[in-house]
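Below you'll find the structure, written out as structure tokens, and then a few comments.
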Amino acid sequence: MARRSTPAKKKKTAPRGKTKTGKKPPKKPGGFKRLMLGAAMVAGAVSAIIAAASMLELDRAAHKAVNDLAKSSPAPDTSDRTDQPKQSDMDFSKGYDAPNRPGYMVERVPEGENPQNDTETIPEPRVNPAPKVAPLPSPEKGFGAGTELAWQKFATHVPDTGNAPVIAIIIDDAGIDKPRTERAAELPAPITLSFLPYATHLPEQVATARKRGHEIMLHMPMEPTSRVVDPGPHALLTSYDKVAILNEMSWMLDRFTGYVGVNNHMGSKFTADPERMAVVMQVMKARGLMFLDSRTSAKSVGYQEAQKFDVPAIERDVFLDDADDAAKISQMLDRVESVASKRGYAVAIGHPRDLTLEALNKWIPKMQAAGFVFVPATDIIRRNGVKVTG
């Protein structure tokens, strides 16, 4: 029997236009897309050029402002100041573990000179304390009538103390050692914390201290007499001309905000230079700040220069911890009490050290119970008849 033959199966042919892999080649972007891409690139380049031009314009404006202020008084003579030491490159970012713990270096007084001697003679007791302060700056161009100056705007206010003797405690070198700065902010009375500008996390530390009712100052490094003592980066040196001083001050003053004024960190050499301290007071006046003369030298002219420029100013009466010694700190606290009792007010400066903080924690409540009132630095100025508002 014959078998029916079956037709052979036809092979399927691959569709035209397809490769063996079955993938289509990528299409090139069309003309419209290329046009849009090119436009975006051009727009980005134009934006970058505009931003660069804006930055250059701002830089020119800032440089012009510095030059204008630098020309406002005679330039200091630097012909005999060529042997000044250069600024240190020490790293202060590690806080109190930095080399030699620079945040706690208290400038030693040269032999034959003792700034404490200027407080040995205490005036007779006064019913209404009238501290030695410079008057409130009169309104200038840029400060309209009724405008709050920085020392007024950021002042910490306390109730009127009447005739009670008052004490202003300033804690210098704040910010470097954050744990001890925090402990200082926990002291049981309103104090003034003066922050070093090269500390880290300054806005956060300042905000915390202000929330706790403390007043803030900027602790400005200045050149000491001793060449072996390092005041830190950006310190003001007597070898600097006006423009250099203004540039360094601008860097420091712009590090944070919320402070009422400035006091000098070290500076026994710089504060004795009238021409350079005049530049400092020009800036204090322009920014509406007060000045506290730490008086690291009996030759300081800080207060006198502040008077010339009508900058509100006060002077330190007692250093609490020139020596990190409990017995000596106790002696200095007794001196603060004596000055405040006889004169009606006292201004004392200390540092965030363990012994100092321990002593203050015990001493402050004792003094409060005895009728003394602790006030911020601006309250001493206000007692001269200057009303602080805001």
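Here are 360, 333: which of them is touching a strand residue (DSSP E or B) at 6+ places or on another chain (Cβ under 9 Å), free of Cβ contacts under 8 Å to residues at least 40 places away in the same chain and surrounded by 14 or more Cβ atoms within 10 Å (Cβ to Cβ)? Lay out the reasoning, then the answer.
On the way: 360 fails: free of Cβ contacts under 8 Å to residues at least 40 places away in the same chain.
Selected residue: 333, the only one of 360, 333 that is touching a strand residue (DSSP E or B) at 6+ places or on another chain (Cβ under 9 Å), free of Cβ contacts under 8 Å to residues at least 40 places away in the same chain and surrounded by 14 or more Cβ atoms within 10 Å (Cβ to Cβ).
Right, residue 299: assigned to a helix (DSSP H, G or I) and farther than 22 Å from residue 233 by Cα or not?
When the stated conditions are applied, residue 299 does not pass them.
Scanning for something of a type in the set (D, E, K, R), under 14 Å from residue 209 (Cα atoms) and outside any loop (DSSP other than H, G, I, E, B), does segment 155-172 turn up at least one residue? Break it down into steps so the answer makes sense when it comes.
Our first condition is that a residue be of a type in the set (D, E, K, R); within segment 155-172, this holds for 160, 172.
Subsequent filtering for residues that are under 14 Å from residue 209 (Cα atoms) retains 172.
Now drop any that are not outside any loop (DSSP other than H, G, I, E, B), which leaves 172.
Looking for residues that are of a type in the set (D, E, K, R), under 14 Å from residue 209 (Cα atoms) and outside any loop (DSSP other than H, G, I, E, B), one finds at least one in segment 155-172, hence yes.
Given the structure, is residue 346 within 24 Å of residue 265 (Cα to Cα), aliphatic (A, V, I, L, M) and surrounded by fewer than 24 Cβ atoms within 10 Å (Cβ to Cβ)?
In short, no.
Which pairs turn up if I take residues in segment 178-197 that are more than 17 Å from residue 253 (Cβ to Cβ) and look for partners that are assigned to a strand (DSSP E or B) and among the aromatic types (Phe, Trp, Tyr) with beta carbon separation below 9 Å, at least 6 apart in sequence or on another chain?
Once the first residue is more than 17 Å from residue 253 (Cβ to Cβ) and sits in segment 178-197, its partners that are assigned to a strand (DSSP E or B) and among the aromatic types (Phe, Trp, Tyr) give 181/195; 187/374; 188/374; 189/374; 190/374; 191/374.
Let's see how each residue does on (1) modelled with pLDDT of 95 or more; (2) under 23 Å from residue 262 (Cβ atoms):
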site: 318; (1), (2): yes, yes
site: 324; (1), (2): no, no
site: 347; (1), (2): yes, yes
site: 351; (1), (2): yes, yes
site: 356; (1), (2): yes, yes
site: 361; (1), (2): yes, no
site: 375; (1), (2): yes, yes
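Right, residue 328: at pLDDT 95 or above and loosely packed, with under 14 Cβ neighbours inside 10 Å or not?
no
Since residue 289 meets every condition but one in (1) surrounded by 18 or more Cβ atoms within 10 Å (Cβ to Cβ); (2) of a type outside the set (D, E, K, R); (3) within 15 Å of residue 170 (Cα to Cα), which condition does it not meet?
(3)
Give the residue that is surrounded by the most Cβ atoms within 10 Å (Cβ to Cβ), with candidates limited to residues of segment 229-286 that are basic (Lys, Arg) and over 22 Å from residue 319 (Cα atoms).
276
Any idea which residue in segment 219-228 is farthest from residue 274 (Cα to Cα), counting only those that are surrounded by fewer than 24 Cβ atoms within 10 Å (Cβ to Cβ) and touching a Pro at 6+ places or on another chain (Cβ under 7 Å)?
227
The values are calculated or read from the model by the stated rules, or taken from the named source; none is laboratory data. For clarity, every value in this text was computed on a predicted model and none was experimentally measured. Glycine also receives a Cβ, built like all others from the backbone with ideal geometry; neighbour counts cover every protein chain displayed.
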